[in-house]
């Protein structure tokens, strides 16, 4: 979180309408993404989370409305500008199967920058190290990676050009708890160290409550955006419908424990 | 390497070097890092420069990498903001070496290695195909013991797909081939005044060889590929494993119906190609040789023996067995990825066309020896 800087809007969606057949998924949806935040997007299956993310990325043309990236329509950005502005992690990684992991990360650098080859390689190696992959994994082909490593490699590729906004599509889905935990920590770490704004679509309550600064819940074609604790206490219909059941109770309990620990740690630090 | 796509929107950076001091102002990012590097590249090795970075507005990882390099050279980085300092420290703590990929062997050695690999693979493939044929035979044997488990609806479906839907293209190709043969025949035989024998030439070669060869090649490309791709997608999506876990046999369920369907359709398609080829020949005879259809039928009756058609048709079910088995085998060889569906489909088509032509050659020798 960048409390020191004034909150500026880095991306915003204005009046997005998406219809598939007779089904209206987004109905005049507005969403502002603040620079430096981690914004979660959640909602039931079929509520249009992924479509919203693809709309933000400019991969999907909405029936009405527009997405502004730094005040300009995302569709009007030149390809290279867009590559420098946003990076995307696709749900299944979408790593190029014929290239090694390291080559996957080097590809955008090779195409878009004028760096020397050894500089490209060093930069790619850094991105992979940031994503938590060791040298051995970098020489592998995507098919030889485990699920968690695939996500990390794809994340490193999304980071290749130091984008200002990182769009993540279900980064922890299909991972075991410890791998998912690792990805959660990584998102937080990247956000803090690189200052990258992160938009993450997820079903994972842990990610929503422990990583995100704000969460946007999709309901009835609109979004309800608030901080996780506020949402948990919210009385709004759409939010209550999504955030109910035993899983949410567990997440709530875990969160209260974590906040207690955090305050305890803070007190300890203050005593020193 | 220079950028192929549009260059990134560049940001501005000013570098001023004066004696032992360098001042950087503006954005040090991936677009300006080369510029900054060059500006300080001319500094002699022993000089230690004091780099003033208080005017730096933006710093990304590429810029941090350069700052790290300067730091290791002994430059002093002054005036870095806390945020930037943290980033530089983070980058400095990471491993910057690219993993070494094992060097490839080059030149003439590679050629021999490839030949050797191809040889062992061919051997393995042959063994595999023979064992697959064995499994298919066992499945057919089981079916004969329990005829009730014959999946008629699946067979009917595959007959439609591989047979009925292939009729137009098979017919068209048969006509075309007979036209090609007829034109060549007339051109060559006219020199001897024997151009009327073109009818015999075309009729016999269509019935004995061309019809079945063209049909089998087409079916190998069309249905062999379809078998490999259909089963391959099921294999990739773990559907084949689901079949096994339910206690069912993929051979019974997937391979046998396709095999039976193709053994039924390929002879029928060949017969259809025979008819169309002869019809094409009739048209060409009318046009080139002025022989009326009635005369044409008369001549064909004299020229062609029953055995000619039999020789052509008997090959069709044999080809069908090979095409179906090769297609299904490669479909079942697919591993998890979508990429391997493409690889196996290609292999199935190449191998089945190859086998069809080799078998046809063997048949020709065989029929010659037995005098048919």
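The values are calculated or read from the model by the stated rules, or taken from the named source; none is laboratory data. Note that this is a predicted model, so its numbers are computed, not measured. Please note: Cβ atoms are built from the backbone with ideal geometry, for glycine as well, and neighbour counts cover all protein chains shown.
Worth pointing out:
- Across region A:152-177, the number of residues qualifying as assigned to a helix (DSSP H, G or I) and surrounded by fewer than 21 Cβ atoms within 10 Å (Cβ to Cβ) comes to 1.
- Matching residues in region A:138-148 - criterion: being facing chain B (nearest Cβ under 7 Å) and either closer than 13 Å to residue B:97 by Cβ or crowded, with 20+ Cβ neighbours inside 10 Å (or both): A:138, A:139
- When the helices (runs of 4 or more DSSP H) confined to region B:17-103 are screened for residues that are more than 14 Å from chain A (Cβ to nearest Cβ), those reaching at least 1 such residues are found at B:33-39, B:61-73.
- Failed item, numbered, when residue A:103 is tested on (1) in a helix (DSSP H, G or I); (2) within 7 Å of chain B (Cβ to nearest Cβ): (2)
- Any hit, region B:141-159, residues being closer than 24 Å to residue B:276 by Cα and either in the same structural domain as residue B:53 (by TED's automatic domain parsing) or in a helix (DSSP H, G or I) (or both): yes
- Test: residue B:173 is out of contact with any helix residue (DSSP H, G or I) (no Cβ under 8 Å at 6 or more places or on another chain), at pLDDT 90 or above and within 30 Å of residue B:229 (Cα to Cα): no
- Any chance residue A:39 is within 21 Å of residue A:213 (Cα to Cα) and modelled with pLDDT of 90 or more: yes
- All conditions but one from (1) more than 30 Å from residue B:357 (Cβ to Cβ); (2) modelled with pLDDT of 95 or more apply to residue B:252; the one that does not is (2).
- Test: residue in region B:286-298 that is touching a residue at least 24 places away in the same chain (Cβ under 8 Å) and under 22 Å from residue B:364 (Cβ atoms): no
- Single condition residue B:25 does not satisfy, out of (1) under 27 Å from residue A:159 (Cα atoms); (2) within 52 Å of the chain's Cα centre (by Cα): (2)
Matching residues to (1) more than 9 Å from chain B (Cβ to nearest Cβ); (2) part of a loop (DSSP other than H, G, I, E, B); (3) touching a helix residue (DSSP H, G or I) at 6+ places or on another chain (Cβ under 6 Å):
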{"site": "A:123", "(1), (2), (3)": "no, no, yes"}
{"site": "A:127", "(1), (2), (3)": "no, no, yes"}
{"site": "A:133", "(1), (2), (3)": "yes, yes, yes"}
{"site": "A:136", "(1), (2), (3)": "no, no, no"}
{"site": "A:150", "(1), (2), (3)": "yes, no, no"}
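- For region A:70-92, a residue qualifies if it is more than 12 Å from chain B (Cβ to nearest Cβ) and touching a residue at least 60 places away in the same chain (Cβ under 8 Å), and the qualifying residues are A:74, A:86, A:87, A:88, A:89, A:90, A:91.
- Enumeration of residues in region A:50-79 that are assigned to a loop (DSSP other than H, G, I, E, B), more than 17 Å from residue A:9 (Cβ to Cβ) and out of contact with any helix residue (DSSP H, G or I) (no Cβ under 6 Å at 6 or more places or on another chain): A:59, A:61, A:63, A:78
- Filtered by the rule that a residue be crowded, with 24+ Cβ neighbours inside 10 Å and within 14 Å of chain A (Cβ to nearest Cβ), region B:316-340 gives a lone residue, B:334.
- Odd one out for residue A:113, checked against (1) buried (at least 23 other Cβ atoms within 10 Å of the Cβ); (2) more than 8 Å from chain B (Cβ to nearest Cβ); (3) farther than 24 Å from residue A:150 by Cα: (2)
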